[in-house]
Amino acid sequence: MSDLLDKKCVLCELGSPAFDKNKIQKYQKEVDGWSVKRDEKKVYFLEKNFVFKNYIASQNFIVKVGEISEKENHHPDISFGWGYAKILITTHVVKGLSENDFILAAKIDQIVSV
């Protein structure tokens, strides 16, 4: 799975299964610092908080996340402000996590390490 950066997000079909806990744990080892959480509907998602030196650094990061999200056609929920950004990723059509979520997380992490 170390090749997440080389993969592309693929369109998930309605009715495709979400990852089970074992598969989630396996893939989570491949992305750094992403937490697996569940919402009020018990849908799993990835979450990560990023810290920056100021507002413009946060904004620049979010613009890059948007560019990657468009290329992958997989869009996270984003909140940001002065010195921070919070990213939530899930695959809505499967009501949980899929490989696409981990691919996007790995690619987002590359932004920060550049």
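The values are calculated or read from the model by the stated rules, or taken from the named source; none is laboratory data. Fair warning: this is a prediction, and the values are worked out from it, not measured in the lab. Don't worry about glycine lacking a Cβ; one is built from the backbone with ideal geometry, like all the others, and counts go over all protein chains shown.
Across segment 48-64, not a single residue is classified as under 25 Å from Leu14 (Cβ atoms) and modelled with pLDDT of 95 or more.
Scan segment 52-80 for residues that are surrounded by 11 or more Cβ atoms within 10 Å (Cβ to Cβ), of a type outside the set (D, E, K, R) and not in a helix (DSSP H, G or I) and report the count. The number of residues fulfilling the criteria is 8.
Residue by residue through segment 75-98, note down the ones that are modelled with pLDDT of 95 or more, touching a Leu at 6+ places or on another chain (Cβ under 9 Å), more than 17 Å from Val112 (Cβ to Cβ) and not hydroxyl-bearing (Ser, Thr, Tyr). Answer for segment 75-98, where residues must be modelled with pLDDT of 95 or more, touching a Leu at 6+ places or on another chain (Cβ under 9 Å), more than 17 Å from Val112 (Cβ to Cβ) and not hydroxyl-bearing (Ser, Thr, Tyr): His75, Asp77, Leu97. Residue count for segment 81-111, restricted to those that are assigned to a loop (DSSP other than H, G, I, E, B), touching a residue at least 60 places away in the same chain (Cβ under 8 Å) and in contact with a helix residue (DSSP H, G or I) (Cβ under 9 Å, 6 or more places away or on another chain): 1. Does segment 22-40 include one or more residues that are surrounded by 13 or more Cβ atoms within 10 Å (Cβ to Cβ), in contact (Cβ under 8 Å) with a residue 24 or more places away in the chain and under 13 Å from Gly81 (Cα atoms)? Among the residues of segment 22-40, not one is surrounded by 13 or more Cβ atoms within 10 Å (Cβ to Cβ), in contact (Cβ under 8 Å) with a residue 24 or more places away in the chain and under 13 Å from Gly81 (Cα atoms), which makes the answer no.
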